[in-house]
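Below is one structure, written out as structure tokens, with a few remarks after it.
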Amino acid sequence: MLTSKDLRGIIPALPTLVNGDDSLARGDMAKLVDHVHAGGCTGVLPIGGTGEYGALPHATRVDAVAVCAERSQGGQTVMAGVLDTGYYDAIRAGKDYAAAGADCLLVLTPYYTNPTPAGLRDYFMRYADASPVPVLLYEIPYRTRIAIPPEVTHELSRHPNIIGMKACNTDMYHFLQVAAGVGDDFAILGGEDSLFPLHMAAGAKGGIIVTASMLPAFWVRMHDMLAAGDLAGALALHRRAQPMMNAAFGETNPGPMKSVLDLFGIDAQKVLMPLDACQPERSARLRAEVEKLLAA
């Protein structure tokens, strides 16, 4: 069984690669998993927000998890996103992803209903009680409008089946308060490419990084510098990536990133409704910035 000690390094948030009929492009998904593992990543996160969770049929999500599990080897974590809005759909989905090979589940805060802090606590406690694999909290308030109060995260961190979180709250003081109240048996993973060095310096054990799907070795290098205490060097490396990140996130993710995956031998670049294909000029800018970082 996976533990918080296994949650280290760089875990890319993968786009879901689909064919023209929106079915899973299994061969290209396998190529992408192989690409990020070859770059030194410690795991993969399929079917999160970058994976266009809400646009996918349930069966396609399960298939994407299965492909990731098939291509991953011992010690490489498969973390499946669970982005459903209600408990029953979320727990059914999580059990199906675990059966398909997920080692753990990244469970999003229940949005739209605007739960109280007590409601959030009870939701995650009940979910963790029922989940067949370990659970990570997923807090991303700029998408959901729901933030988990630090004291609630502290309480949830003591549940034996809740082993970590993906931290996407861009409020650094909130992050510091969360980190101050959790133990070594709870792994905070930085969830924002733009803040990764700061998250690591403030207590994150690793990162769930979107653009590591393109540049795995680059982000692994940055992680290793941070883990060795070289914050200045990591910040300098991160500054070099800022133009790439500006291009990658200048339109809704994963459109820009999908548009340049042919650089890595991947043909399936279609985005799913309601997203549109990346604008050509932005795609060209991202391509140029990725090529610069690959050549460095």
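The figures follow:
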quantity	calculated
Neighbours by Cβ (under 9 Å, 6+ apart or cross-chain): first from the range 192-203, in contact (Cβ under 8 Å) with a residue 24 or more places away in the chain and farther than 12 Å from Tyr173 by Cα; second among the β-branched types (Val, Ile, Thr) and assigned to a helix (DSSP H, G or I)	Asp193/Thr211; Gly203/Val178
Matching residues in the range 244-296 - criterion: being among the hydroxyl-bearing types (Ser, Thr, Tyr) and in a helix (DSSP H, G or I)	Ser283
Residue in the range 59-93 that is surrounded by the fewest Cβ atoms within 10 Å (Cβ to Cβ), counting only those that are closer than 22 Å to Pro141 by Cα and within 17 Å of the chain's Cα centre (by Cα)	Asp84
Any chance Gly48 is assigned to a helix (DSSP H, G or I) and under 22 Å from Thr109 (Cβ atoms)	no
Residues satisfying the stated conditions in the range 209-222, i.e. open to solvent by less than 20 Å² (accessible area, probe 1.4 Å) and either at pLDDT below 95 or over 18 Å from Phe264 (Cα atoms) (or both)	Met222
Given (1) in a helix (DSSP H, G or I); (2) within 20 Å of Met1 (Cβ to Cβ); (3) over 17 Å from the mean Cα position of the chain (by Cα), number of the condition Tyr97 does not satisfy	(3)
One residue from Ser194, Ser157 being surrounded by fewer than 24 Cβ atoms within 10 Å (Cβ to Cβ) and within 20 Å of Leu237 (Cα to Cα)	Ser194
Pro132 vs. criteria out of contact with any strand residue (DSSP E or B) (no Cβ under 6 Å at 6 or more places or on another chain), open to solvent by 10 Å² or more (accessible area, probe 1.4 Å) and within 22 Å of Val78 (Cβ to Cβ)	yes
Residue in the range 233-250 that is open to solvent by 30 Å² or more (accessible area, probe 1.4 Å) and under 26 Å from Asn19 (Cα atoms) present	yes
Scan of the range 277-296 for residues that are under 17 Å from Arg239 (Cβ atoms), charged (D, E, K, R) and open to solvent by less than 70 Å² (accessible area, probe 1.4 Å), ordered by number	Glu289
Gly86 being under 26 Å from Phe186 (Cβ atoms) and touching a helix residue (DSSP H, G or I) at 6+ places or on another chain (Cβ under 7 Å)	no
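The values are calculated or read from the model by the stated rules, or taken from the named source; none is laboratory data. Please read these numbers as outputs of a predicted model, since none were measured by experiment. As a convention, Cβ positions derive from the backbone with ideal geometry for all residues, glycine included, and neighbour counts pool all protein chains shown. What goes into the accessible areas is simple: the full protein's heavy atoms, side chains included, and nothing from ligands, DNA or RNA. Shrake-Rupley method; radii C 1.70, N 1.55, O 1.52, S 1.80 Å.
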